[in-house]
1. So which helices (runs of 4 or more DSSP H) stay within the range 12-73 end to end and still have 2 or more residues that are modelled with pLDDT under 90 and within 25 Å of L84 (Cα to Cα)?
2. Output yes when any residue across the range 108-130 is among the aromatic types (F, W, Y), out of contact with any strand residue (DSSP E or B) (no Cβ under 8 Å at 6 or more places or on another chain) and either in a loop (DSSP other than H, G, I, E, B) or at pLDDT 80 or above (or both), and no when none is.
3. Hey, can you tell me all the residues within the range 30-51 that are surrounded by fewer than 18 Cβ atoms within 10 Å (Cβ to Cβ), closer than 21 Å to D76 by Cβ and either in contact with a helix residue (DSSP H, G or I) (Cβ under 6 Å, 6 or more places away or on another chain) or not small (G, A, S) (or both)?
4. Quick check on this structure: which one of A27, A54 is surrounded by 16 or more Cβ atoms within 10 Å (Cβ to Cβ), in contact with a Phe, Trp or Tyr (Cβ under 9 Å, 6 or more places away or on another chain) and over 23 Å from V78 (Cβ atoms)?
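The values are calculated or read from the model by the stated rules, or taken from the named source; none is laboratory data. Fair warning: this is a prediction, and the values are worked out from it, not measured in the lab. Cβ placement follows ideal geometry from the backbone for every residue including glycine, while neighbour counts extend to all protein chains displayed.
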Amino acid sequence: MAFNRYVLIEQLKGVNKRCTVSEFAQAIGYTERHVSRWMSGRSKPPPDVVERMAEWFGLPVEAFTASGELTPDEYDLVNAYRQLDRADRARVIVYIDDLAKDTDSQQLYDKVRNIAERPAGRRRRTEDAG
């Protein structure tokens, strides 16, 4: 199983930081050291932990298991897209659609659109669990 560590990095360190590494590690029952290794790419979490991650962040499991990792630049573009309002998102989709038609790269367009349109999710607070 491929693990997209950039999703985890964004959730813990990015503009939309969800919680600290320590809070997250405790919530999923692992140590900060484990989480740091997953973020650095030195190791990958087991599938059951990926499911816990997805649940904690309110994301689909597929967000963490994309068949190919996004580069940091690609991930930044997706996050920038998610910050746009609905009208600006529509403009971006039209622009990408025009590029895809010009370059005959419909498959790439579909992949980018699918990734960009995933909901950003919401943080599950610990007080909600109790």
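1. Working: elements: 21-28, 32-40, 47-57.
Fully inside the range 12-73 and qualifying: 47-57.
2. Step one: list which residues in the range 108-130 are among the aromatic types (F, W, Y), which gives 109.
Narrowing the set further to residues that are out of contact with any strand residue (DSSP E or B) (no Cβ under 8 Å at 6 or more places or on another chain) leaves 109.
Now narrow it down to the ones that are either in a loop (DSSP other than H, G, I, E, B) or at pLDDT 80 or above (or both): none.
Checked the range 108-130: no residue is among the aromatic types (F, W, Y), out of contact with any strand residue (DSSP E or B) (no Cβ under 8 Å at 6 or more places or on another chain) and either in a loop (DSSP other than H, G, I, E, B) or at pLDDT 80 or above (or both).
3. Correct list: M39, G41.
4. Values: A54 fails: over 23 Å from V78 (Cβ atoms).
From the options A27, A54, the qualifying one is A27.
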